[in-house]
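The structure under discussion appears below in the form of structure tokens.
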Amino acid sequence: MARVDLRRICKSYPGVTALDNVELVVEPGEFFTLLGPSGCGKTTLLRTIAGFNRQDSGEILFDGTRIDTMPAHLRNIGMVYQDYAIFPHKSVADNVAFGLAMRRVARSEIESRVARALDVVQLGGLATRMPHELSGGQQQRVALARAMVISPQILLMDEPLSNLDAKLRVELRDDIRDLQRSLGITTIYVTHDQEEALVISDRICIMQGGRVHQVASPLDVYGRPATLFVASFVGSMNVFDGLSVGPGGEVTIGAATRALPALAGRAEITLAMRPEDVILSRRGEEAGEAIEIEGTVDKVTYAGREAFYRLTCGDGPRLLAHVSRPDQGRLASVGDRLPVALPLARLHAFDPAGGRRVELRP
Amino acid sequence: MIERLRVDFWTLVMVLAVAVLGMLLIWPLSSIFAASFIDNTTREPTLGNYARVLGQPYFQVALGNSLIVGVGGMLGAMLLGVPLAALTARYVIIGRDFLATLAVLALVSPPFIGAYAWIMMLGRNGFVRLLLEDMGIDAPSIYGFFGIILVFSLKFYPFVFLLASSSLRTINPSVEEAAEGLGAGPWRRFFGVTLPLVFPAVSAGALLTFVLSLADFGTPAIVGGNVRVLATTAYNLFTSEMTGNPGLASATSVVLIVLSLVVVVLQRASVRRRNVAGNLIRKSLPKQLGPLASVAAHLVCYAIVLASSLPSLVVMYTSFRKTSGPVFKPGYGLDSYERILREVPHVIGNSATYSLLSVALIVVLGSLIGYLVARGESRVAGWLDSALFIPYIVPGVVLGLAFVVTFNVKPIEITGTATIIVLMLFIRRLPYSVRSSAAILKQIRGSIEEAAVSLGASPARAFMKITLPLMLPGIVAGALMSFITAINELSSSLILYVGRTMTMPVRIYLSVLDGEFGTAAALSTILLVASGAAVYAVHWVSGRNESAFV
């Protein structure tokens, strides 16, 4: 269990800035996720921590000790890869034993620790199997046991679930989380799957173009996105781009104009709202104050437990609305005109210039 | 920091690789390049050698002949190789594996053995010629262009065949079916879809046969008659006692290298624009032809392959005939083998020792450099990769001359030793091993090795414990291929040998020139058997994959 400090890490490749002054602290025992689209620098950062890349500048500290000058094999890091990286010519037990053998652990101790590690990942009976006899999910469990058995200071995982099918992905995801919590090992996890990140993490770091956009709990990342990028990358978001703001903070969406005092003095603002926050009825008491407009249904997407409508609001914006528990009688059809309420409490605002969040309520 | 000072294992390997290539490749070739600008009598710098090579009819004829046999060999090889590949890949041909094995065997037998077998068949007293004369048919003379191009075609077509068939097998049949569904008939489909997809492979095969035909020394030396090519001309210029002219020989060599280089560059440029990635989701199944077409297809395939195995069979057969000089006498026996053991037993030992020694060196350095080429990100790795292409395009005669020019004076005076022959075999065949190691490494994901490092193995240890065991089949296949080509090497050995260090191919060549067909046949048979055994081993190691031979 170690605390990880990343200080002003920069790395560039010819023509690309992969890491732009990254500054992060990962607390001991934390499950910390690097989330972002491909090319955002998350894997580069992970590999820099592991020691397979060298940063151009900046420092990496484990528990206050600099480790970035240390070669990768001395850093005592457990690493789990997207493609499993199981040694194909070694049995399951030999794969797991490899790190211990490198540490010259006594044979008898190796045996008992390997057996325990395989039990923990529920592969107790498969110790003598060869990798090609295992499924992808089992191989990844071997990789997990192999990384954990050396009692690493930190555990790094590079999209470990993305080669698995949907059902296995959920199963192994939960197992990884339980295992990490019971061992209390500091874990840095890379993924491009925002749902996976939300489910598994204590905190999430959202990256784009080598820069950190937000570091926060899943709740805050989804509920209070720090930038417009985070807002649209995590979950889906209706964005009303570059609206002009009146002197008293008046904003017009569709046919409705509403004064938002917090915006007074600004020329332009970008507003946003999640589809599930859009209310498709005359506002009820619980919604509080809302922007009320009318929309025409363009498209209906039915997905069983939920449905989505795409609506056009007069000459104004198009937006997506989420309908939970849709049933036959109540499902709208294309061309229907529906009342649309956008509750102010659920509205997000972003500075059109930098994309930073603007608080609408004090 | 102490860590900064520690020299990384792979840095050491890179330094070693650069030193070896610098000493055995760049230095000798620079020497020969420099020598080509020195006047033979005055020792003054001059362009006279090039003026003579490019200006005098004597050389112009050799240059023209080289181009004729190069293009002829290439076209012949394609004419045999492409149909064989297309037929065996697309249609049911009984005994396909057998044909492929025979083709590979034809490939690994040295070309000069083919040349000399054809002399025994179609030469002045050749048995086929005599047979045809009895029937009143006048066979064409084997000496000259006909013989050279015939030998090259039958010798080099397996390259085209192997490259084209492995490429044909990676074409997704859905692509061809899609073309059919869009209304393209069989011919349109072949020329519009299939051919462009296999073009890179076929052109690579064509290029290879052109360069090999251009570089080959033994064949034109044996069946060339009065057709002189650049390789034989350079050799004669250098070795003839009276007119020995290193400057002129060097200039001829440089012209030969430039010629090969131009072709290589042209081929690479034409392939780069057509780089098509295979997307193999579904494997194609061979189709059954109608009865008549099937018989025709079988006839074509078997005729091609049997014609190319004919020389080896003839050689083996004649090794058991009783002979007196060039004349075959009635009766069979082991006389020829007894004569070798009595007169030149050391050539067999030499060949075995030199090939094994050079292969040992090749395996160690080849797999390490293969790793650098496949995994290295530094500019030096790219440079190594290009430098290793040099031996492919520098003919053996030329590198042999370069070695003599470079290593007969201090600081490294090793001409006439076994060392120089081993080093020559080593550098000539190193690229094969590098390539096969690099190829198999590309199939081993880098993450596997990184995982080992993250688990506490140093980079060197991770390589030894994880990567090397996984590379082993590729390394062994590469080593066997190096062994086959090393033990059959003629041209450079012919320049570097002295009596003590004579090898089997050199002895065979000299025996053929002396008309000692019996001993030549016996020695050739030993070479063929050794090569055949190595081929069998490659098959066994690489799981019956013929493309391991290219």
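Share of Cα-Cα pairs in the protein assembly as shown beyond 52 Å, in percent?
For the protein assembly as shown, the share of Cα pairs beyond 52 Å comes to 38 percent.
Just report the Cα centroid separation between region B:312-385 and region A:149-188, whole Å.
55 Å
Stretched out fully, how many nm does the piece from B:Arg445 to B:Leu47 gain, at 0.36 nm a residue minus the Cα gap?
Fully extending the segment from B:Arg445 to B:Leu47 adds 138.1 nm.
Under the classification rounded if a/c is under 1.5, otherwise prolate if a/b is larger than b/c and oblate if not, where does region B:36-167 fall, given a ≥ b ≥ c as square roots of the Cα gyration tensor eigenvalues?
Oblate is the answer for region B:36-167, as a/c is 1.5 or above yet b/c matches or exceeds a/b.
With +1 assigned to the C-beta of every Lys and Arg and -1 to the C-beta of every Asp and Glu, and no other charges, what is the dipole magnitude of chain B about the Cα centre in debye, to the nearest 20?
Dipole of chain B, to the nearest 20 debye: 980 debye.
So what's region A:236-358 giving for Rg/Rh, alpha carbon basis, Kirkwood Rh from the mean inverse pair distance?
Answer for region A:236-358: 0.99.
Determine the shielding of peptide A:80-93 by partner chains: average, over its residues, the number of Cβ atoms on other chains within 10 angstrom of each Cβ.
That average works out to 4.
If we sort A:14-25, A:77-88, A:195-206 on the protection proxy, mean other Cβ atoms within 10 Å, highest first, what's the order?
By packing density, highest mean first, the sequence is A:77-88, A:195-206, A:14-25.
Enumerate lysine pairs in the protein assembly as shown that are 8 or more residues apart or on different chains, then count those whose Cα atoms are under 20 Å apart.
4
Would you kindly derive the ³J(HN,Hα) couplings of region B:212-218 from the backbone phi angles with the Karplus curve 6.51 cos²θ - 1.76 cosθ + 1.60 (θ = phi - 60°), listing them in order in whole Hz, with x for Gly and Pro?
Computed from phi, the couplings for region B:212-218 are 5, 5, 5, 7, 5, 9, x Hz.
What is the packing order of peptides B:107-114, B:339-346, B:417-424, A:217-224, taking the mean over residues of other C-beta atoms within 10 Å and listing the highest first?
B:107-114, B:417-424, A:217-224, B:339-346
Along the positive direction of the dipole of the protein assembly as shown (beta-carbon charges: Lys, Arg +1; Asp, Glu -1; about the Cα centre), which of A:Ser91, B:Ile68, B:Phe191 reaches farthest?
Final value for the positive-end residue is B:Ile68.
Add +1 for every Lys or Arg and -1 for every Asp or Glu among the other residues with Cβ under 13 Å from the Cβ of A:Gly124, and state the total.
Every neighbour counted, the sum reads +2.
Taking amide H atoms as placed 1.01 Å from N in the peptide plane, list the residues 5 or more away in sequence, or in a different chain, whose amide H sits under 5 Å from that of A:Ile291.
Residues meeting the amide H criterion: A:Leu342, A:Leu344.
Is there a simple number for the mean count of other chain Cβ atoms within 10 Å of the Cβ of residues in B:465-472, and what is it?
Mean partner shielding for this stretch: 3.
Roughly how many whole Å is it from the C-alpha centroid of region B:5-65 to that of region A:263-332?
Taking the Cα centre of each part, region B:5-65 and region A:263-332 sit 77 Å apart.
Please report, for the Cα atoms of chain B, the Rg to one decimal and the Dmax as a whole number; what are they, in angstrom?
Cα only, chain B: 24.5, 88 Å (Rg, Dmax).
Give me a single rounded figure for A:141-148: the average over its residues of other chain Cβ atoms within 10 Å of their Cβ.
So the per-residue partner count for this stretch is 1.
Run a plain Debye calculation on region A:1-98 (Cα atoms as equal point scatterers, no solvent) and give log10 I(q)/I(0) at q = 0.12, 0.20, 0.25 Å⁻¹, rounded to two decimals, same order as the q list.
-0.45, -1.09, -1.42
Each residue of region B:287-292 in order: what ³J(HN,Hα) in whole Hz does its phi give by Karplus 6.51 cos²θ - 1.76 cosθ + 1.60, θ = phi - 60°, with x for Gly and Pro?
Each residue of region B:287-292 in turn: 8, 8, 7, x, x, 5 Hz.
Placing unit charges on C-beta atoms (Lys and Arg positive, Asp and Glu negative, everything else neutral), compute the dipole magnitude of region A:4-231 about its Cα centre in debye, rounded to 20.
Taking the Cα centre of region A:4-231 as origin, the dipole is about 520 debye.
Spelling out what I want: for every residue of region A:209-223, take phi, set θ = phi - 60°, compute 6.51 cos²θ - 1.76 cosθ + 1.60 (Karplus), and round to whole Hz; glycine and proline get x.
Result, ordered by residue: x, x, 10, 8, 8, 7, 10, 6, 5, x, 4, 6, 4, 7, x Hz.
Could you point to the residue in B:Leu162, A:Met102, A:Ile291 farthest towards the positive end of the protein assembly as shown's charge dipole, with +1 and -1 charges on the Cβ of Lys/Arg and Asp/Glu respectively?
Of B:Leu162, A:Met102, A:Ile291, it is B:Leu162.
Give me the dipole magnitude in Debye, nearest 20, for region A:236-358 about the Cα centre, with unit charges on the beta carbon: positive for Lys and Arg, negative for Asp and Glu.
240 debye
Would you give the gap between the C-alpha center of region A:9-72 and the C-alpha center of region B:478-512, rounded to a whole Å?
56 Å
Could you give the length gained by full extension between A:Ser236 and A:Asp298, i.e. 0.36 nm per residue of separation minus their alpha carbon distance, to one decimal place?
Going from the current span to full extension adds 20.5 nm.
Taking amide hydrogens as modeled 1.01 Å from N in the peptide plane, which residues meet the under 5 Å criterion relative to A:Ala259, leaving out close sequence neighbours?
Counting only residues 5 or more places away or on other chains, the set is A:Val251.
B:Val211: net charge of surrounding residues, Cβ under 14 Å, Lys/Arg +1, Asp/Glu -1, itself excluded?
+2
What does the charge add up to near A:Arg310, with Lys and Arg as +1, Asp and Glu as -1, over the other residues with Cβ less than 10 Å from its Cβ?
Net local charge, A:Arg310 excluded: +1.
Among A:Tyr13, A:Cys40, A:Ser57, which residue has its Cα furthest toward the positive end of the charge dipole of region A:1-58, with +1 on Lys/Arg Cβ and -1 on Asp/Glu Cβ?
Of the candidates, A:Tyr13 comes out farthest on the positive side.
For a quick check: with amide H placed at 1.01 Å from N, whose amide H comes under 5 Å from A:Val80's, ignoring anything fewer than 5 positions away on the same chain?
It is A:Leu156, A:Met157, A:Asp158, by chain and number.
If you count, for each residue, the other Cβ atoms within 10 Å and average over each peptide, how do B:378-386, B:218-226, B:37-45 line up from highest to lowest?
Put in order of decreasing packing, that is B:218-226, B:378-386, B:37-45.
We did not get these values from a lab; they are worked out from the coordinates using the rules stated. Since this is a predicted model, take the numbers as computed values, not measurements. Note that each Cβ is placed from the backbone with ideal geometry, even for glycine, and that neighbours are counted across all protein chains shown.
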